[in-house]
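Enquirer: Please find one structure pasted underneath; my questions will follow.
Quick note: the coordinates plus some simple rules give every number you see, no bench work behind them. Everything numeric here is computed off the predicted structure, so don't read it as measured data. Glycine also receives a Cβ, built like all others from the backbone with ideal geometry; neighbour counts cover every protein chain displayed.
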Amino acid sequence: MGLSDGFLIDLTGPFTETEIHTQLVSYGRSASENLDSLIETEWNVALNRAEAAKKTLFNGELLRLNKYSVSSRNTQKILNLDLGPTSYKDFVGSNLNPAAEPESFSDDSLANPLGTSVILKTADGSLVFGLRSDSVFYHAGYVQTFGGTLETQDIGKDGQVSVFDSIRREVLEELPLQDSELVVPYCLALVRDCEIRQPEMIFQARAAISYDEIKRRWDDKIKRRPAGIWEHVDLVRLCDSEEGIRTFLQEGSPITPVVAAALHVHKQLHV
């Protein structure tokens with residue numbers, strides 16, 4: 001997959017933490033009886049599949065990107081995000097449902113939880129991604145960024161959502177890094193995976209340790225963790241250079257559209 005395949009770039013930054021403003025609203029996706037029916041059907045299929053595999057499928061509360069805008073404050077460019085309620089059930093039944101075709105259902109009717117991803121650079125100049133398990137719900141076996149999706153637990157006591165706190169939490173849950181070893185200075189871009197139409201914020205992140213140390217901790221973590229289905233089964237490393245990225249794209253494992261977008265904006269912005 002090339003750098004221009006499978007994704008759309010809605011906007012590029014970089015945006016610092018003080019340059020992103022979130023607003024919670026009460027509304028979510030647009031009502032659609034036909035899509036509601038598809039969601040129920042697809043969710044029941046997913047539940048049955050999970051039960052057969054002796055797994056638990058949880059309908060978590062997520063935060064939807066309803067709309068975004070860019071405004072100015074003094075000399076700053078501000079990214080404004082309006083976030084509303086959605087759920088994992090709606091995500092499975094709309095964004096991840098092949099029957100919810102773009103010709104029949106607009107983006108306004110989809111769950112569209114706001115994803116968050118990092119392009120992580122180590123102290124020795126490597127970029128690190130994860131290799132997704134063959135058992136995950138979508139993009140199985142592909143190279144993917146580390147990150148997650150905005151959840152209701154990301155809403156602070158002041159009613160605000162810090163997308164930077166959220167992505168830090170996700171990365172620290174997925175990778176064997178200490179809080180003091182992770183720096184997330186910028187949001188690079190807002191993009192969309194064209195296949196599932198989900199919006200995704202891509203952040204630049206830096207680790208204060210080398211790739212080899214991350215890999216050593218990762219392998220140790222795998223030995224100690226209980227058996228089960230894990231989102232990522234291994235780390236994927238590439239050199240942060242034009243040649244390294246080109247070689248990776250030509251010879252590496254299949255990559256998700258979000259990885260393609262992350263490498264594109266990382267190379268474009270040189271941050």
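Enquirer: Quick check, is PHE137 at negative phi, among the aromatic types (Phe, Trp, Tyr) and part of a strand (DSSP E or B)?
Expert: So PHE137 does not fit the description; no.
Enquirer: Quick check on my filter: what residues within region 89-125 are buried (at least 21 other Cβ atoms within 10 Å of the Cβ), hydroxyl-bearing (Ser, Thr, Tyr) and closer than 17 Å to SER30 by Cβ?
Expert: SER94
Enquirer: Among (1) over 17 Å from the mean Cα position of the chain (by Cα); (2) at negative phi, which single condition is ASN74 missing?
Expert: It is condition (2) that ASN74 fails.
Enquirer: In region 68-88, which residue that is surrounded by 19 or more Cβ atoms within 10 Å (Cβ to Cβ) and polar (S, T, N, Q) is farthest from PRO14 (Cα to Cα)?
Expert: SER87
Quick grid of which residues meet (1) buried (at least 19 other Cβ atoms within 10 Å of the Cβ); (2) under 21 Å from the mean Cα position of the chain (by Cα); (3) within 21 Å of ARG132 (Cβ to Cβ); (4) free of Cβ contacts under 8 Å to residues at least 60 places away in the same chain:
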site	(1), (2), (3), (4)
SER180	no, no, no, yes
PRO185	no, yes, no, no
LEU188	yes, yes, no, no
VAL191	yes, yes, yes, no
ASP212	no, no, no, no
LYS215	no, no, yes, yes
ILE222	no, no, yes, yes
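Enquirer: Quick check on my filter: what residues within region 77-106 are aliphatic (A, V, I, L, M), part of a strand (DSSP E or B) and within 17 Å of the chain's Cα centre (by Cα)?
Expert: Pass one, region 77-106, residues aliphatic (A, V, I, L, M): 78-79, 81, 83, 92, 96, 99-100.
Among the residues that remain, those that are also part of a strand (DSSP E or B) are: 78-79, 81, 83.
Selection gives LEU81, LEU83.
Enquirer: Taking the condition touching a residue at least 60 places away in the same chain (Cβ under 8 Å), charged (D, E, K, R), surrounded by 13 or more Cβ atoms within 10 Å (Cβ to Cβ) and not in a helix (DSSP H, G or I), does ARG29 pass? Steps first, answer last, please.
Expert: Values: touching a residue at least 60 places away in the same chain (Cβ under 8 Å): yes; charged (D, E, K, R): yes; surrounded by 13 or more Cβ atoms within 10 Å (Cβ to Cβ): yes; not in a helix (DSSP H, G or I): yes.
In short, yes.
Enquirer: For residues that are over 16 Å from LEU120 (Cβ atoms), polar (S, T, N, Q) and assigned to a helix (DSSP H, G or I), tally how many sit in region 147-169.
Expert: Residues in region 147-169 being over 16 Å from LEU120 (Cβ atoms), polar (S, T, N, Q) and assigned to a helix (DSSP H, G or I): 2 in total.
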